[in-house]
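> Take this structure, written in structure tokens, and hold onto it; I'll ask about it next.
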Amino acid sequence: MRNAALSRLAALALLGCAVIAAPRMSHAAAAEPRLIVVSGEGEASAKPDQARISAGVVTQAQTADAALADNSTAMTRVMATLKAAGIPDNKIQTSNFSVQPQYAIPTANNPSPRGIVSYNVSNQVTVTVDDLSKLGPALDAMVKSGANQLGGIAFMIANPKPLADRARAAAVADGAAKARTLAQAAGVTLGPLQAIQEGGSVRPVPVFAAQRALAAAPAPPVAEGEETIMVNVTMTYAIQ
């Protein structure tokens, strides 16, 4: 009799455990979200409306004073030429200035020469051109007026925000299309958008390389190409 009562109590205890545990498992399963996570890519391109030129004058003389004087004379002509070409003062900025001594070159007869034989003076400016129709004439004018160092030309868009907005819209549309395709292929119903995050944007800038000495010639043709902005987004959708 006592054994039978104990058996019934044990059975009730086990049943109580089962009743308590079952809702916990169901709650844990229901709390786990069902999601679709996709990445979207978008880009937008436009012709640049601005250019940045790196140019300068390099002079050499036996003394620093002479090299500096020659450089200042040539650079003054370059600056005046830029202003005459319609480039305002606030678009011309000195980017580098240096005075470097040049030492004697070792020879077989004199492997360890001493002393300075000359000085190099370099003065470089960065010029921003807002009217690309003036770019070719500005380059030609700089070379003719004494600029003997041309670092390159970078093309840009003065206000890239509208282009970036177009790229963002394209990235979101791409991500939404991927989510719909995945849901259809998986045989599930796509739910509402839960989260969206923008990744890094890239702005490749076409560059016209011009690291060379230029002789006086007609204004050089310059191809500005296009600037492209790329945007990536990560989108999270619920599965209904």
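> Looking for something more than 30 Å from ALA167 (Cα to Cα), surrounded by fewer than 17 Cβ atoms within 10 Å (Cβ to Cβ) and out of contact with any helix residue (DSSP H, G or I) (no Cβ under 6 Å at 6 or more places or on another chain) - is there at least one such residue anywhere in segment 50-57?
No: zero hits.
> Same structure, new question: For a quick check of your reading of the model, give me the residue pairs whose first member lies in segment 97-114 and is in a loop (DSSP other than H, G, I, E, B), whose second is surrounded by 10 or more Cβ atoms within 10 Å (Cβ to Cβ) and of a type in the set (A, V, I, L, M, F, W, C), with beta-carbon atoms closer than 9 Å and at least 6 apart or on different chains.
Listed pairs, sorted by first residue: ALA104/ILE116; ALA104/VAL117; ILE105/VAL117; ASN110/ALA104; PRO113/ALA104; ARG114/ALA104.
> Write out, first by first residue and then by second, each pair whose Cβ atoms fall under 6 Å of each other, whose residues are 6+ apart or on separate chains, and whose first residue, in segment 227-240, is closer than 16 Å to SER45 by Cβ while the second is surrounded by 16 or more Cβ atoms within 10 Å (Cβ to Cβ) and among the β-branched types (Val, Ile, Thr).
From segment 227-240, the pairs are GLU227/ILE157.
Residues checked against (1) part of a strand (DSSP E or B); (2) in the same structural domain as LEU68 (by TED's automatic domain parsing); (3) farther than 10 Å from GLY56 by Cβ:
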| residue | (1), (2), (3) |
| --- | --- |
| VAL117 | yes, yes, yes |
| ASN120 | yes, yes, yes |
| THR128 | yes, yes, yes |
| LEU139 | no, yes, yes |
| LYS144 | no, yes, yes |
| LEU150 | yes, yes, no |
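> In segment 70-92, is there at least one residue being hydroxyl-bearing (Ser, Thr, Tyr), at pLDDT 90 or above, part of a loop (DSSP other than H, G, I, E, B) and over 17 Å from ALA141 (Cβ atoms)?
Within segment 70-92, not a single residue is hydroxyl-bearing (Ser, Thr, Tyr), at pLDDT 90 or above, part of a loop (DSSP other than H, G, I, E, B) and over 17 Å from ALA141 (Cβ atoms).
> Considering only residues of segment 59-85 that are β-branched (Val, Ile, Thr) and surrounded by fewer than 17 Cβ atoms within 10 Å (Cβ to Cβ), which is nearest to LYS178 (Cα to Cα)?
In this case the residue turns out to be THR76.
The values are calculated or read from the model by the stated rules, or taken from the named source; none is laboratory data. These numbers were taken from a predicted model, which means no experiment stands behind them. Note: ideal-geometry Cβ built from the backbone for every residue, glycine included; neighbour counts use all protein chains shown.
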